[in-house]
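Trainee: What follows is a single structure, and I will ask about it in a moment.
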Amino acid sequence: MISVTLISHTPNPERVVAMAARLCYSPSGAAELCEKMTDEKVESFVQKLVAMGHDSPIEHVSFTFAIEGVSRVLTHQLVRHRIASYSQQSQRYVAAHDFEYIVPPTIAEKPEAKAKFDALMAKIRETYDEFVDMGVPKEDARYVLANATETKIVVTMNARALLHFFNLRCCNRAQWEIREMAYKMLAEVKKVAPLLFKNAGASCVATGRCPEGKMTCGKFDEMIKLREK
């Protein structure tokens, strides 16, 4: 089961964003602006920024997640998001004896397919153990490990990068595992920055239109309803 924990974030993220944006249009310094900005002004300013699409000020706040129970398939996709920092559990230094693995739902729901999948994972475990016992370094023995192998990763993104990430990975056309993780990440950041991430989600949810053209999932109305919740 995918576990996503928001372990750190910029304190008072929405106030930081509002102050950074306000500085662009004020002769006052940051400290003075911070003193003058009431909670009501912060809320109003952030709402205006989101509505205007003025995104650069939101780069000043970042969020760090501890993610577990995901596969190497997922993390290979995740690290394609370049404006982020990653620290992943190493298969070079951490032994993979009795490794856990992720089973796709489409395989889990078919008993025959699930049995074949489990048998293959058992064989991989056995082969990995044999190689290590032979003196093969873990960094080389890992070559037999499957993409299904469970991994752990710490991810840090700024708010602007996160919004783009949610646009792509909350989409119904995203791969099921990273989509599930994206929604859990979104739920975490909404707890600490509800205004910044009020309309966050798949591109259709964020903008009110589907950018996929002929590749659309065909569930536009259903996805738009998510924005109303």
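The values are calculated or read from the model by the stated rules, or taken from the named source; none is laboratory data. Small disclaimer: the values here were computed from a predicted structure and weren't measured. Please note that ligands, DNA and RNA were not included when accessible areas were found on the heavy atoms of the full protein model with its side chains. Shrake-Rupley method; radii C 1.70, N 1.55, O 1.52, S 1.80 Å.
Trainee: Could you please state how large a percent of the accessible area of region 21-152 is carbon and sulfur, counting protein chains only and using a 1.4 Å probe?
Mentor: With neighbouring chains kept in place, the figure for region 21-152 is 52 percent.
Trainee: Springs between alpha-carbon atoms under 10 Å, Gaussian network over the chain: tell me which of ALA202, ALA161, ALA113 tops the mean-square fluctuations.
Mentor: Of ALA202, ALA161, ALA113, the most mobile in the Gaussian network model is ALA113.
Trainee: Another question about this same structure. For the chain, set up a Gaussian network in which alpha carbons nearer than 10 Å are linked by springs, and say which option among GLY69, GLY201, GLY213 fluctuates the most.
Mentor: GLY213
Trainee: Also, I was wondering about something else. Taking the solvent-accessible surface of protein heavy atoms with a 1.4 Å probe, what is the per residue accessible area of the chain in Å²?
Mentor: About 57 Å² of surface per residue is accessible.
Trainee: Given a 1.4 Å probe and the protein chains all in place, what does the accessible area of TYR101 round to, in Å² to the nearest 10?
Mentor: Approximately 50 Å² for this residue.
Trainee: Can you sort LYS114, LYS191 by solvent-accessible area, 1.4 Å probe, largest first?
Mentor: From most exposed to least exposed: LYS191, LYS114.
Trainee: Taking square-rooted eigenvalues a ≥ b ≥ c of the alpha carbon gyration tensor, is region 164-229 rounded, prolate or oblate, where a/c under 1.5 means rounded and, failing that, a/b exceeding b/c means prolate?
Mentor: Oblate is the answer for region 164-229, as a/c is 1.5 or above yet b/c matches or exceeds a/b.
Trainee: Next up: Round to a whole number: what % of the accessible area of region 160-229 belongs to carbon and sulfur, probe 1.4 Å?
Mentor: C and S fraction of accessible area: 52 percent.
Trainee: Between PHE165, PHE99, PHE197, find the one with the highest GNM mean-square fluctuation for the chain; connect C-alpha pairs within less than 10 Å.
Mentor: The residue that fluctuates most here is PHE99.
Trainee: To continue, here is another question. Note the angle between two axes, namely the Cα long axis of helix 111-133 and the longest principal axis of the Cα atoms of the chain, as a number of degrees from 0 to 90, rounded to the nearest 10.
Mentor: Rounded to the nearest ten degrees, it is 80.
Trainee: Any idea of GLU188's accessible area? Nearest 10 Å², probe 1.4 Å.
Mentor: Only protein atoms counted, so the area is about 40 Å².
Trainee: While we're on this one: Quick check: convex hull over the Cα atoms of the chain, volume per residue in Å³, rounded to an integer?
Mentor: It comes to 145 Å³ per residue, whole-number rounded.
Trainee: Go through HIS81, HIS97 and list them by solvent-accessible area, largest first, probe radius 1.4 Å.
Mentor: The most accessible residue leads, giving HIS97, HIS81.
Trainee: How big is the gap, in Å, between the Cα center of region 137-195 and the Cα center of region 46-97?
Mentor: Cα centroid to Cα centroid, the span is 6 Å.
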